[in-house]
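The values are calculated or read from the model by the stated rules, or taken from the named source; none is laboratory data. No experiment lies behind these values; they were computed from the predicted model shown. Methodologically, a virtual Cβ is constructed for each residue, glycine included, from the backbone with ideal geometry; neighbour enumeration extends over all protein chains shown.
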Amino acid sequence: SIYGNLKGIPKMEERLKEVLKIRKIIISPGNLSENSMVLKDMGKITNRLLKESLLAKEVIGITGGSTMAAVADEVTSDNKIRDVIVIPARGGLGREVETQSNSIAAKLGQKLGGSYRLLYVPDGLEEKALELMLKNEEVKESMELIDNMNTLVFGIGRADTMAKRRNLSEEKIDALIKAGAVAEALGHYFDIKGNEVWEFKTIGLSLGKFKALNNLIGVAGGEEKAESIIAVSTLNQNMTLITDESAAKKILDIV
Ligand code: F6P
């Protein structure tokens with residue numbers, strides 16, 4: 001059925017937790033690629049989890065992508081005022097405004113009854129230009145908040161898909177694949193073991209900081225992301241994964 005094997009879900013969550021060795025797994029029944037309700041459901045689960053785990057004066061980071069856009073859509077405003085600030089975890093990928101982390105951060109901040117800050121960084125800036133941007137007062141302020149980030153809600157993608165989305169050259173994409181890249185998160189490309197293969201340079205949360213965060217919520221589904229999820233799960237055990245049944249099944253097939 002489109003809702004999958006409901007009874008088997010808790011068992012799957014348990015097995016997946018053993019395999020991925022992260023804090024918590026929540027599986028949404030069904031297949032995201034076949035049923036758009038599954039993505040919404042993952043967003044609703046994220047909404048609940050976020051509200052349960054929010055601390056006072058918290059800085060929450062969020063990334064872009066279609067999954068995070070769905071999360072921001074599914075977060076419900078409950079008229080509570082929360083002393084939280086939402087900020088994009090990294091600058092970049094400015095092409096599709098609706099799925100860009102800035103609009104997602106703004107929406108999430110408003111819906112949580114908190115505030116938000118933006119981080120505008122054009123794509124593909126050279127290192128020198130990035131350094132100059134860091135001198136800008138507004139960027140500085142955002143970077144300070146990123147340093148104080150406690151919770152990160154983030155998307156996980158396939159390396160090849162994300163390389164294409166970033167319009168990287170054919171040669172670069174081939175090189176990434178040859179180097180074993182299967183996953184992308186926060187602009188970093190990883191092989192299945194979680195080794196960094198390449199970084200799309202921009203401003204924002206560093207990989208070191210990402211690995212040290214104590215509350216991460218990764219949201220990613222669809223069986224084509226199975227390897228990507230495995231790779232990113234190796235980076236920080238303080239991660240809660242919200243995924244769908246099809247990805248969960250595929251991961252258990254692979255490992
Ligand atoms: O570009 C932001 C981002 O969160 C990437 O880091 C991630 O790989 C991707 O979006 C996921 O996109 P989607 O949810 O559309 O698959």
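If you go through region 191-201 and keep only what is without any contact (Cβ under 8 Å) to a residue 24 or more places away in the chain and more than 15 Å from the ligand (Cβ to nearest atom), you end up with just 195. Of the residues making up region 201-223, those that are charged (D, E, K, R) and either crowded, with 23+ Cβ neighbours inside 10 Å or touching a helix residue (DSSP H, G or I) at 6+ places or on another chain (Cβ under 8 Å) (or both) are 201, 209, 223. Scanning region 206-219 for residues that are farther than 17 Å from residue 191 by Cβ and in contact with a strand residue (DSSP E or B) (Cβ under 6 Å, 6 or more places away or on another chain) yields 213, 215, 216, 217, 218, 219.
Test residue 114 against the stated conditions and say whether it is modelled with pLDDT of 90 or more and surrounded by 18 or more Cβ atoms within 10 Å (Cβ to Cβ). Taking the combined requirement at face value, the residue satisfies it. If the condition is being in a loop (DSSP other than H, G, I, E, B) and more than 12 Å from residue 146 (Cβ to Cβ), then region 203-218 contributes only 214. Of the residues making up region 161-190, those that are assigned to a helix (DSSP H, G or I) and within 11 Å of the ligand (Cβ to nearest atom) are 161, 162, 163, 165.
Looking only at residues in region 91-103 that are near the ligand (Cβ under 8 Å from one of its atoms) and buried (at least 20 other Cβ atoms within 10 Å of the Cβ), the one that is modelled with the lowest pLDDT is 93. Pairing each residue of region 39-56 that is closer than 18 Å to residue 80 by Cα with any residue that is crowded, with 20+ Cβ neighbours inside 10 Å, provided the two are 6+ apart or on different chains, yields C-beta distances under 6 Å for 46/71; 46/219; 46/242; 47/75. Elements of the type helices (runs of 4 or more DSSP H) sitting completely within region 63-160 and holding at least 3 residues that are farther than 30 Å from residue 227 by Cβ and of a type outside the set (Val, Ile, Thr): these cover 101-111, 127-133, 137-147.
Every residue, every condition in (1) surrounded by 15 or more Cβ atoms within 10 Å (Cβ to Cβ); (2) touching a residue at least 40 places away in the same chain (Cβ under 8 Å); (3) acidic (Asp, Glu), yes or no:
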site: 10; (1), (2), (3): no, no, no
site: 14; (1), (2), (3): no, no, yes
site: 64; (1), (2), (3): yes, yes, no
site: 73; (1), (2), (3): yes, no, yes
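Residues in region 231-248 that are closer than 26 Å to residue 73 by Cα, outside any loop (DSSP other than H, G, I, E, B) and either out of contact with any Ser or Thr (no Cβ under 8 Å at 6 or more places or on another chain) or of a type in the set (Gly, Ala, Ser) (or both): 232, 233, 240, 246, 247, 248.
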